[in-house]
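For reference, the structure is listed below as structure tokens.
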């Protein structure tokens, strides 16, 4: 709702030097937060060879072949279940 409400205001705010700089700072801060959370989630989730290999294959499939991420989630769930049952 906040994005929809502020959408008409953003172009006017960008024209202002002070507000434009503020928005640039907000963008950089949000990117930093996303990078930190991604790092922490990766450290918690990539715990063995199976999860690391699934992450590498998923990265290749997303960025090289443009596979829909919903298929990746379903495939990873199936592989995770199979790996769990085989242990």
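Laboratory data are not the source of any read-out in this text; all were calculated from the coordinates shown. Because the structure is a prediction, the values reported are computed rather than measured. Positions of Cβ are backbone-derived with ideal geometry, glycine not excepted, and every protein chain shown enters the neighbour counts.
Here are the numbers for this structure:
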item: Spatial extent of the chain: Rg and Dmax, with the Cα atoms as the point set, Å; result: 19.5, 60
item: Cα gyration tensor shape for the stretch 1-45, rounded if a/c is under 1.5, else prolate or oblate; result: oblate
item: Computed E for residue 48/residue 78 - FRET, C-beta separation, R0 22 angstrom, nearest 0.05; result: 0.80
item: Highest to lowest packing among 74-86, 46-58, 3-15, scored as the average C-beta count within 10 Å; result: 46-58, 74-86, 3-15
item: With Cα atoms, 0 to 90° folded angle of helix 17-45 axis to the chain main axis; result: 10 degrees
